[in-house]
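Working notes for the structure below.
The values are calculated or read from the model by the stated rules, or taken from the named source; none is laboratory data. Keep in mind that what you see is a predicted model, and the values were worked out from it rather than measured. Because the Cβ atoms are built from the backbone with ideal geometry, glycine has one as well, and the counts that use them run over all protein chains shown. Note: areas computed on protein heavy atoms with side chains; ligands, DNA, RNA excluded. Shrake-Rupley method; radii C 1.70, N 1.55, O 1.52, S 1.80 Å.
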Amino acid sequence: MIYFIGAGPGAKDLITVRGANILRMAGIIVYAGSLVNPELVAEYASPKCELHDSSRLTLEEILAILLRGHEENIITVRLHSGDPSLYGAVREQMNYLRERNIPFEVVPGVSSLFAASAALKTEYMIPGITQTLVISRIEGRTHVPNDNASVALFLSAGMIERACSELIERGYSPDTPAAVVYRASWPDERIIRGTLATLPKLSDGITKSALILVGEFLNDDINAYSKLYDKNFSHEYRNHNSSIHE
């Protein structure tokens with residue numbers, strides 16, 4: 001089995017129990033060496049485990065390691081910093097595995113987003129003050145689109161029809177992919193997929209303990225590749241002159 005695991009924000013004991021247990025069993029670990037605390041790998045990886053620092057690898061090299069792990073029936077971990085879903089460059093890796101019907105699982109991690117609020121001893125959502133948090137980045141060598149923002153709505157499942165209608169009124173197409181995730185990670189987890197137009201009727205009476213997620217990121221047919229592991233993309237750990245002026 002192949003696992004994508006969030007290593008957490010840095011401290012070696014902020015990885016999840018599930019993530020740590022899988023690391024102990026892994027025969028191959030491909031880890032983000034430029035970001036993941038090396039103490040974490042030293043603490044949890046078996047002495048016999050095969051380790052690869054992905055900061056110096058291309059996407060093709062990473063995928064070759066994952067494929068070999070699958071073919072040799074080795075528990076293989078792709079270890080990302082924070083949580084894989086936030087700037088993790090995991091989409092292209094998952095698509096590669098999906099196209100080949102190779103099973104994989106994702107183990108979420110503690111994002112630096114939450115470690116930062118913990119360090120500040122504060123809360124992002126303060127009643128009557130702020131209930132919205134925008135996650136973005138400044139444009140650099142990777143383009144940041146001005147529209148098509150991904151949306152996650154907490155505490156809104158009981159008003160799903162209103163939520164979807166308001167997003168459409170604000171410019172989202174009725175055909176925009178949307179999902180309800182009920183009790184994520186619990187034994188009775190449920191996932192309902194649709195569009196902004198169809199999701200209210202599909203939600204099957206779910207009114208609490210659920211997230212409403214909206215955006216093109218839910219479209220599994222999209223193949224948008226990160227530059228991070230592009231063989232033609234230079235950075236401080238891997239130099240390729242052909243991409244210096246990108």
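The accessible surface of the chain, taken with every protein chain in place and a 1.4 Å probe, is 54 percent carbon and sulfur. Working out 0.36 nm times the residue gap between Ile126 and Ile168, then minus their Cα-Cα distance, what length gain in nm do you get to one decimal? Full extension of this stretch gives 12.5 nm more.
Sort Met94, Met1 by heavy-atom solvent-accessible area, probe 1.4 angstrom, most to least.
Met1, Met94
Counting Lys and Arg as +1 and Asp and Glu as -1, what is the net charge of the other residues whose Cβ lies under 14 Å from the Cβ of Ile206? That works out to +1.
Scanning residues 5 or more positions from Ala7 or on other chains, those with amide H under 5 Å from its amide H are His80, Ser81, Gly82, with H placed 1.01 Å from N in the peptide plane.
In this calculation the C-beta distance from Tyr87 to Met25 is compared with R0 = 30 Å, giving a FRET efficiency of 0.65. The order of Ser203, Ser165 by accessible area, most exposed first and with a 1.4 Å probe, is Ser165, Ser203. Placing +1 on each Lys and Arg Cβ and -1 on each Asp and Glu Cβ, with no other charges, gives the chain a dipole about its Cα centre of roughly 360 debye. Per-residue SASA remark: Glu39, around 100 Å² accessible (1.4 Å probe; ligands, DNA and RNA not included).
Note on region 1-141: dipole from Cβ charges, positive end direction compared against Gly6, Thr122, Ile102; the farthest Cα belongs to Thr122. Rolling a 1.4 angstrom probe over the protein heavy atoms with all chains in place gives the chain an accessible area of 60 Å² per residue.
Highest mean packing first, where packing is the average number of other Cβ atoms within 10 Å per residue, the peptides 132-139, 85-92, 41-48 line up as 85-92, 41-48, 132-139. How many percent of the alpha carbon pairs in region 38-182 exceed a separation of 23 Å? When every Cα pair of region 38-182 is considered, 55 percent fall beyond 23 Å.
The local environment of His52, defined by Cβ-Cβ distances under 12 Å, has a net charge of 0 under the rule Lys, Arg +1 and Asp, Glu -1. All Cα-Cα distances of the chain, cut into 10 Å bins from zero to the largest, leave 7, 26, 33, 25, 9, 0 percent in each bin in turn. Pair-distance distribution P(r) for region 144-225, from all Cα-Cα distances in 5 Å bins starting at 0: 3, 15, 28, 24, 16, 9, 4, 0 percent. Over the residues of the chain, the helix contribution to mean residue ellipticity at 222 nm works out to -7000 deg cm²/dmol, using -39500 (n - 2.57) for each DSSP H run of at least 4.
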